Amino acid sequence: MIFWLVSYVAFGFVAPSRVPKLRSVLVQESPERGTNVLGGELECCCADVRGTGVGTGFWRDGHCSTGKADEGRHTVCVVATDEFLAFSRAVGNDLSTPRPEFLFPGLKSGDLWCLCAARWEQARRAGVAPQVYLRATHEKTLQHTSLDHLREAALDLNESDREVDRLNSLREEAMRAAGLH
């Protein structure tokens with residue numbers, strides 16, 4: 001992360017005066033890497049958007065992890081589409097325009113990005129929700145939408161179902177070992 005800040009300053013994308021504020025927000029709090037919506041380990045969504053050196057997620061580490069500083073809950077791993085980007089712009093959140101001061105490269109159709117859970121749900125209700133990767137979507141997303149809705153938009157549904165089966169087997173095994181089953 002510090003490399004990105006130094007690179008962005010060196011190439012003039014971020015004013016040196018902004019670096020301490022960015023670094024303090026990005027480094028002060030550790031992200032809650034946590035669990036995905038299936039109950040497994042949260043996988044990486046995208047660690048390098050279009051070769052920019054910038055990862056997705058609130059902490060730009062490639063994961064849709066969250067924490068206290070992430071008020072928008074950037075927890076849904078999506079594949080951006082032109083239709084969704086136009087919708088987002090129309091409702092006041094232009095995700096296409098680069099914002100180097102926030103280490104944001106601007107999105108294009110096909111980019112993977114950690115989207116705010118409430119925005120995804122808003123787009124779903126409008127019929128323009130982008131597809132998602134469940135294994136890279138944080139469990140806190142379920143505070144804003146249902147797993148069924150996410151599954152309807154899932155690109156990794158088969159892999160996700162196998163992961164749920166694996167986790168269920170591990171739970172059953174642990175219950176038997178503990179004499180609870």
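The values are calculated or read from the model by the stated rules, or taken from the named source; none is laboratory data. All figures in this text were calculated on a predicted structure; none of them were measured in a lab. Every residue, glycine as well, gets a Cβ built from its backbone with ideal geometry; the counts of neighbours run over all protein chains shown.
Residue check: is Ser88 more than 28 Å from Thr52 (Cβ to Cβ) and among the polar types (S, T, N, Q)?
Answer is no for this residue.
Search the range 95-120 for residues that are in contact (Cβ under 8 Å) with a residue 60 or more places away in the chain and pair each with any residue that is assigned to a helix (DSSP H, G or I) and among the aromatic types (Phe, Trp, Tyr) when their beta-carbon atoms are under 7 Å apart and the residues are at least 6 apart or on different chains.
Final answer for the pair search is Pro100/Tyr8; Leu103/Trp4; Leu103/Tyr8.
For the range 96-110, enumerate the residues that are farther than 19 Å from Tyr133 by Cα, buried (at least 17 other Cβ atoms within 10 Å of the Cβ) and out of contact with any Pro (no Cβ under 7 Å at 6 or more places or on another chain).
Initially, the range 96-110 is screened for residues farther than 19 Å from Tyr133 by Cα, giving 96-106.
Filter once more, so that each one left must be buried (at least 17 other Cβ atoms within 10 Å of the Cβ): 100, 103-105.
Across the range 96-110, the qualifying residues are Pro100, Leu103.
Residue-by-condition table, conditions (1) over 23 Å from Asp70 (Cβ atoms); (2) touching a helix residue (DSSP H, G or I) at 6+ places or on another chain (Cβ under 6 Å):
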{"residue": "Trp120", "(1), (2)": "no, no"}
{"residue": "Arg125", "(1), (2)": "no, no"}
{"residue": "Gln131", "(1), (2)": "no, no"}
{"residue": "Leu134", "(1), (2)": "no, yes"}
{"residue": "Glu139", "(1), (2)": "no, no"}
{"residue": "Ala153", "(1), (2)": "no, no"}
{"residue": "Met175", "(1), (2)": "yes, no"}
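Of the numbered conditions (1) within 20 Å of Glu41 (Cα to Cα); (2) among the β-branched types (Val, Ile, Thr); (3) assigned to a loop (DSSP other than H, G, I, E, B), Thr75 fails exactly one; give the number of that condition.
Going through (1) within 20 Å of Glu41 (Cα to Cα); (2) among the β-branched types (Val, Ile, Thr); (3) assigned to a loop (DSSP other than H, G, I, E, B) one by one, Thr75 breaks only (3).
Can you pull out every residue in the range 166-181 that is among the basic types (Lys, Arg) and either within 14 Å of Leu38 (Cα to Cα) or part of a loop (DSSP other than H, G, I, E, B) (or both)? First the steps, then the outcome.
Of the range 166-181, the ones among the basic types (Lys, Arg) are 166, 171, 176.
Selection gives Arg166, Arg171.
Take the residues in the range 111-149 that are in a helix (DSSP H, G or I) and among the charged types (D, E, K, R); name whichever of them is surrounded by the fewest Cβ atoms within 10 Å (Cβ to Cβ).
Asp148
Six or more apart or on different chains, Cβ atoms under 9 Å: show the pairs whose first residue is in the range 130-146 and of a type in the set (Asp, Glu) and whose second is in a loop (DSSP other than H, G, I, E, B) and surrounded by 18 or more Cβ atoms within 10 Å (Cβ to Cβ).
Going by the 9 Å Cβ cut-off, the qualifying pairs are Glu139/Val37; Glu139/Leu38; Glu139/Leu42.
Hey, does the range 19-27 have a residue that's modelled with pLDDT of 90 or more and either under 24 Å from Leu170 (Cβ atoms) or over 12 Å from the mean Cα position of the chain (by Cα) (or both)?
no
Can you report the number of residues in the range 78-90 which are under 13 Å from Leu115 (Cβ atoms) and either outside any strand (DSSP E or B) or in contact with a helix residue (DSSP H, G or I) (Cβ under 9 Å, 6 or more places away or on another chain) (or both)?
Pass one, the range 78-90, residues under 13 Å from Leu115 (Cβ atoms): 78-81, 84-85, 87-88.
Adding the requirement that they be either outside any strand (DSSP E or B) or in contact with a helix residue (DSSP H, G or I) (Cβ under 9 Å, 6 or more places away or on another chain) (or both) leaves 78, 80-81, 84-85, 87-88.
Number satisfying all stated conditions: 7.
Can you tell me how many residues in the range 150-162 are part of a helix (DSSP H, G or I), touching a residue at least 24 places away in the same chain (Cβ under 8 Å) and hydrophobic (A, V, I, L, M, F, W, C)? Reasoning before the result, please.
First, pick out the residues of the range 150-162 that are part of a helix (DSSP H, G or I): 150-152, 157-162.
Within this subset, residues satisfying the condition of being touching a residue at least 24 places away in the same chain (Cβ under 8 Å) are 150, 159-160.
The next check asks that each one be hydrophobic (A, V, I, L, M, F, W, C); those that pass are 150.
Here the count works out to 1.
State whether one or more residues within the range 59-66 are farther than 15 Å from Ala129 by Cα, free of Cβ contacts under 8 Å to residues at least 12 places away in the same chain and not β-branched (Val, Ile, Thr).
no
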